[in-house]
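A short write-up of the structure that comes next.
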Amino acid sequence: MRRFGLVTSILMLAACAGQPDGPTAAPAGGHDDAAVSAAPEPVEAAILEQPFTAEQIRDEWVTGFSLVMRRSTPGEVRLERWTVLQADAEGCQIEFAALADDGAVSGEPVVQRSTWLELRDHASFPSPGASRERTTRETALGALEGWLYRVPEEGSEAVSEFFFVPGLPGAPVQMRTIEGGQTVFELEQIERSRPTEP
């Protein structure tokens with residue numbers, strides 16, 4: 001399977017939800033860490049260091065956590081909202097909803113449950129050919145310092161970039177695919193909200 005498709009399966013699910021027709025992690029708060037970390041490590045032995053642990057994602061992606069993402073391809077830009085509907089020690093239910101220009105939900109949202117380990121492992125990048133570097137990037141959330149992963153696509157000249165920010169666990173703040181010197185796909189966080197602790 002091409003690496004891009006494997007790594008970004010949750011992002012691609014969000015693409016289905018997007019079709020109109022058809023900062024620092026909080027304390028664990030009593031979660032059972034064994035439920036998150038007891039599962040085996042990713043099958044691939046030679047992967048770059050992952051940006052987050054399953055526990056860091058779990059502690060950030062609480063019930064009510066939400067992202068608004070801007071998805072851009074040549075000739076089309078659309079918005080979608082990802083919302084954690086329910087979270088527990090093992091994983092969470094995420095709703096992916098396309099947004100109209102006025103911010104209203106367009107079409108039928110898609111809901112998927114993922115474990116924290118699955119969400120962590122979306123950032124499993126093979127060390128041969130891929131790279132990881134510390135850098136600062138301008139994003140819709142401001143100028144941020146983080147880890148930039150560059151991952152070449154098997155069987156093509158395309159390279160996918162994933163920019164993760166240490167204080168913002170979970171999905172990349174920016175993700176883009178570059179082919180022939182042109183950006184052919186981009187997904188970027190433009191809003192991020194997390195319920196405050198009671």
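The values are calculated or read from the model by the stated rules, or taken from the named source; none is laboratory data. What you are looking at is a predicted structure, and each value in this text was computed from that prediction instead of being measured. Here Cβ is always computed from backbone atoms with ideal geometry, including for glycine, and neighbour counts include all displayed protein chains.
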| task | Could you please give the count of residues in segment 79-105 that are modelled with pLDDT under 95 and of a type outside the set (A, V, I, L, M)? | result | 3
| said: If I ask for residues that are under 23 Å from Ser106 (Cβ atoms) and β-branched (Val, Ile, Thr), which ones from segment 56-92 would you list? | reply: Val68, Thr73, Val77, Thr83, Val84
| remark: Filter segment 141-198 for residues that are acidic (Asp, Glu) and more than 16 Å from the chain's Cα centre (by Cα); the one that is farthest from Glu76 (Cα to Cα) is Glu197
| note | The number of residues in segment 126-140 that are assigned to a strand (DSSP E or B) and within 16 Å of the chain's Cα centre (by Cα) is 1
| task | List every residue pair whose Cβ atoms lie under 6 Å apart, where the two residues are 6 or more positions apart in sequence or sit on different chains, the first residue falls within segment 43-54 and is within 11 Å of His122 (Cβ to Cβ), and the second residue, located anywhere, is in a loop (DSSP other than H, G, I, E, B) and at pLDDT 90 or above. | result | Gln50/Ala123; Pro51/Ala123; Phe52/Pro169
| remark: Checked against (1) part of a loop (DSSP other than H, G, I, E, B); (2) β-branched (Val, Ile, Thr); (3) touching a helix residue (DSSP H, G or I) at 6+ places or on another chain (Cβ under 7 Å), Val151 satisfies every condition except (1)
| message | Can you pull out every residue in segment 142-198 that is surrounded by fewer than 17 Cβ atoms within 10 Å (Cβ to Cβ) and within 16 Å of Ser66 (Cα to Cα)? | response | Gly167, Ile190, Glu191, Ser193, Pro195, Thr196, Glu197
| request: Please find, among Leu148, Leu141, the residue that is in contact with a Ser or Thr (Cβ under 7 Å, 6 or more places away or on another chain), closer than 25 Å to Arg58 by Cα and not hydroxyl-bearing (Ser, Thr, Tyr). | output: Leu148
| field | All positions within segment 82-122 that are among the basic types (Lys, Arg) and buried (at least 21 other Cβ atoms within 10 Å of the Cβ) | value | Arg120
| remark: The strands (runs of 3 or more DSSP E) lying wholly within segment 57-125 that contain at least 2 residues that are of a type in the set (S, T, N, Q) and under 14 Å from the mean Cα position of the chain (by Cα) are 105-115
